[in-house]
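Novice: Encoded as structure tokens, here's the structure I'll be asking about.
The values are calculated or read from the model by the stated rules, or taken from the named source; none is laboratory data. Since the structure is predicted, the reported quantities are computational estimates derived from the model, not experimental observations. Every residue, glycine as well, gets a Cβ built from its backbone with ideal geometry; the counts of neighbours run over all protein chains shown.
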Amino acid sequence: MRLSQKELDEVLKKNSQLISFSKPFMEDLYSFVKGSGFAVVLTDANACILEVLGDKEIVEDSEDKDNLRKGCIWKEEYVGNTAVSTCIFEGRPIQISGKEHYCKVFKNWTCSSAPIKEDGKLIGVLSVRGYDWNSHSHTLGMVVAAARAIENKIVLEKAKAEIILRTKYQSAIAECIPDGFLTIDNKGILTYINQTGADILGIDRESSIGRPIEELVDFEPVILNVLKTGKGYVDKEFIMTNNKNGLKYHFIKTAEPIRDDEGNIIGAIDNFRKITRVHKMMRKLVGNYGKFTFDDIIGSSEKIKESIRLAKIAARSSSNVLIYGESGTGKELLVQSIHNASSRRNESLVSINCAAIPSELIESELFGYEGGAFTGALKNGQIGKFELASGGTLFLDEIGDMPLHMQAKLLRVLQENQIIRVGGKDIIDIDVRIISATNKDLLHECKNGNFREDLYYRLNVLYIVLPPLRERKEDIEELVYHFIKKINNKIGSNIEGVSPEVIDYFMKYDWPGNVRELENILERAINFLDGDLVIRPQHLPSKITGITRYREIDSLKSILEEVEKQTIIDSLIIAKGNKTLAANMLKISRTSLYEKIMKYNIDI
């Protein structure tokens, strides 16, 4: 039986690897019997001939030549017993000669066959066929040896393919890592580096393999210490200096030694990332970015429009900005808008309230600290706001409350663009745009000796004033409906608006807490509504309407105490619980504020 050309093509394609591996050994085997009237034949597991090498008188001129073509099937059901079919059936080497064949056409031949197996499964048969009178018992041994060689080749190629595949997977993993990754041997020779690592170190990847790591970079490679000490580390910070130009390399690294089965160090692996990438990861995790833009600033009065105009100019610049405005005017909203319209919009925006941090801790907050720098410090230290904001914007809110000793240190940082962590020695380069805000007259503070004049002029390159709400009352109605929509979304209400009388009261009120107080009053009023969809005067606090809610008045003292209690509550809400800000708003000391909170049993 013989396959059609289409069927043969499919069989040859299916067994292409077997043919490829077997052909060199078939050629070697044929070289021993060439010219002696022999042919070397390869079949698949179904006895289909895949390849034939032989003398012309056997392959082309014999009366049995049609049985030696590719695609002929030597199954017993078609050609009787042969060495090929018997070998497949029994799964072992065999030699059949002359009259041992069933078919008359094979009685002049001797065939020696050996199975070819992969993972114990027969996948083909190698045979040598020749005239019966030329047969020799050693021929079978040659065929068996050749078949074993083919099997070994298959095993080796399979193992090689698995190694290549595993290497490709490992390389793909290393290339997918967003950090630098390299390996060295125990002599410090670079054996592998991914493209990210090559880019970080500024070296050519291909030409660097096989060279000492210390020749590739312009600083002392700390990975060599792992070879010396045999100790690795995880997420350890390193600041290295370029020996040629003095530039700093700031890395977070993880490294481990590689040991053989006997524990000897044979190399090391190094995983490293730039500190700037760590900062970007922190920004994503902790939300160090601006949410608001200029479109979020509500109001069409001339004063607020002038503030926005100046802020847009500031956004096009990299100069420091000083914003003056009372508490609650929306200074942080303006800062975020400037940042998001600037060239630093894709970097961090980090905020710190200088009035809310104790003077003894503000230095470590701004500059960070090394592990164990002071009592209560974290074991591994902590980076400061300047480092976290590097490349982006640092917002120093309530800058007027910064202690004098910190003002001197801040001035030096602004002049040199470098910091040193508390308890540290390394000089860290930073690139930060400073935006400051205050509710104080800083020039007046300079004259009184509370603020450094040189720092004032360093911060006050671009000056923006945010008007208090009492100076832009024409924006109140627009703000009211903006906040009602915002509060509806926040608490799931569906308030439609306010009565005209409420707007009248709002226009007459002085708004010491500014826009923040207006939002607080509206949210409070909405919570007092009972089925009504419109805010009316009875929903407002008495400080707005001047109308007391007491049905019975015991004394003037009780009325004054209730007004005082409510004012303290409002100031705390406006200050978002910050008691220092609330005390400043009320123009009383923090101690007095605490006493009144205790007196009126106010739940913070």
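Novice: Assuming I265 fulfils every condition listed in (1) at pLDDT 85 or above; (2) under 30 Å from L394 (Cα atoms); (3) surrounded by 15 or more Cβ atoms within 10 Å (Cβ to Cβ) apart from one, which condition is it?
Specialist: With (1) at pLDDT 85 or above; (2) under 30 Å from L394 (Cα atoms); (3) surrounded by 15 or more Cβ atoms within 10 Å (Cβ to Cβ) applied to I265, the lone miss is (2).
Novice: Report yes if some residue within region 111-122 is in contact (Cβ under 8 Å) with a residue 40 or more places away in the chain and assigned to a helix (DSSP H, G or I); otherwise report no.
Specialist: No, region 111-122 has no match at all.
Novice: Going through region 555-588 one residue at a time, which ones are farther than 22 Å from R516 by Cα and loosely packed, with under 14 Cβ neighbours inside 10 Å?
Specialist: If the condition is that a residue be farther than 22 Å from R516 by Cα and loosely packed, with under 14 Cβ neighbours inside 10 Å, then S555, L556, K557, S558, L560 are the ones that fit.
Novice: Oh, and also: In this structure, is M406 outside the structural domain of I298 (by TED's automatic domain parsing), of a type in the set (A, V, I, L, M), outside any loop (DSSP other than H, G, I, E, B) and over 20 Å from S319 (Cβ atoms)?
Specialist: Working: outside the structural domain of I298 (by TED's automatic domain parsing): no; of a type in the set (A, V, I, L, M): yes; outside any loop (DSSP other than H, G, I, E, B): yes; over 20 Å from S319 (Cβ atoms): yes.
Criteria not met by M406.
Novice: Evaluate region 246-266: report whether one residue or more is under 24 Å from E370 (Cα atoms) and touching a Pro at 6+ places or on another chain (Cβ under 6 Å). Steps first, answer last, please.
Specialist: So in region 246-266, the residues under 24 Å from E370 (Cα atoms) come out as 246-256.
Now drop any that are not touching a Pro at 6+ places or on another chain (Cβ under 6 Å), which leaves none.
No, that holds for no residue.
Novice: Taking the stated definitions as given, is N242 outside the structural domain of E370 (by TED's automatic domain parsing), under 20 Å from D426 (Cβ atoms) and modelled with pLDDT of 90 or more?
Specialist: On the way: outside the structural domain of E370 (by TED's automatic domain parsing): yes; under 20 Å from D426 (Cβ atoms): yes; modelled with pLDDT of 90 or more: no.
Here the answer is no, as N242 does not meet what is asked.
Novice: Related question: Do we find that K23 is within 23 Å of T139 (Cα to Cα) and surrounded by fewer than 18 Cβ atoms within 10 Å (Cβ to Cβ) in this structure?
Specialist: yes
Novice: On to the next question. Test V413 against the criterion of being crowded, with 16+ Cβ neighbours inside 10 Å, among the β-branched types (V, I, T), over 27 Å from N340 (Cα atoms) and not assigned by TED's automatic domain parsing to the domain that holds R536, and give yes or no.
Specialist: Considered against the rule, which asks whether it is crowded, with 16+ Cβ neighbours inside 10 Å, among the β-branched types (V, I, T), over 27 Å from N340 (Cα atoms) and not assigned by TED's automatic domain parsing to the domain that holds R536, V413 comes out as no.
Novice: Follow-up question, since we're still on this one. For residues in region 276-301 being farther than 15 Å from L349 by Cβ and under 16 Å from the mean Cα position of the chain (by Cα), which is modelled with the lowest pLDDT?
Specialist: M281
Novice: From I521, I491, I503, grab the single residue that is closer than 20 Å to A575 by Cα, aliphatic (A, V, I, L, M) and without any contact (Cβ under 8 Å) to a residue 60 or more places away in the chain. Can you show your working first?
Specialist: Details: I491 fails: closer than 20 Å to A575 by Cα; I503 fails: closer than 20 Å to A575 by Cα.
That would be I521, the only listed residue that is closer than 20 Å to A575 by Cα, aliphatic (A, V, I, L, M) and without any contact (Cβ under 8 Å) to a residue 60 or more places away in the chain.
Novice: Hey, another quick one. Only one residue in K56, K70 is assigned by TED's automatic domain parsing to the domain that holds P115, farther than 17 Å from T139 by Cβ and exposed (fewer than 13 other Cβ atoms within 10 Å of the Cβ), so which one is that?
Specialist: Only one candidate qualifies: K56.
Novice: Give the residues of region 166-202 that are touching a Leu at 6+ places or on another chain (Cβ under 6 Å) and within 19 Å of I275 (Cα to Cα), sorted by residue number.
Specialist: G197
Novice: Continuing with the same structure: Can you name the residue in region 199-218 that is in contact with a Ser or Thr (Cβ under 9 Å, 6 or more places away or on another chain) and modelled with pLDDT of 90 or more and is also surrounded by the fewest Cβ atoms within 10 Å (Cβ to Cβ) among such residues?
Specialist: Out of the qualifying residues, it is G210.
Novice: Of the residues V52, V84, which is assigned to a helix (DSSP H, G or I), aliphatic (A, V, I, L, M) and either in contact with a helix residue (DSSP H, G or I) (Cβ under 9 Å, 6 or more places away or on another chain) or under 12 Å from S127 (Cβ atoms) (or both)?
Specialist: Answer to the check: V84.
Novice: Return the residues of region 516-549 that are among the small types (G, A, S) and out of contact with any Lys or Arg (no Cβ under 7 Å at 6 or more places or on another chain); say none if nothing qualifies.
Specialist: Within region 516-549, A525, G531, G546 qualify.
Novice: Further question: From the list S127, S135, which residue is within 23 Å of W74 (Cβ to Cβ), at pLDDT below 70 and crowded, with 16+ Cβ neighbours inside 10 Å?
Specialist: Values: S127 fails: at pLDDT below 70.
Just one listed residue meets the conditions, S135.
Novice: Moving on to the next point. Got a number for residues in region 306-330 being over 32 Å from the mean Cα position of the chain (by Cα) and either of a type in the set (D, E) or at pLDDT below 95 (or both)?
Specialist: 7
Novice: Would you mind telling me which numbered condition in (1) over 22 Å from L247 (Cα atoms); (2) in contact with a helix residue (DSSP H, G or I) (Cβ under 9 Å, 6 or more places away or on another chain); (3) crowded, with 17+ Cβ neighbours inside 10 Å L227 fails?
Specialist: (2)
Novice: Please specify each residue of region 567-585 satisfying the condition of being at pLDDT 80 or above, closer than 16 Å to N520 by Cβ and assigned to a helix (DSSP H, G or I).
Specialist: T567, I568, I569, S571, L572, L581, A582, M585
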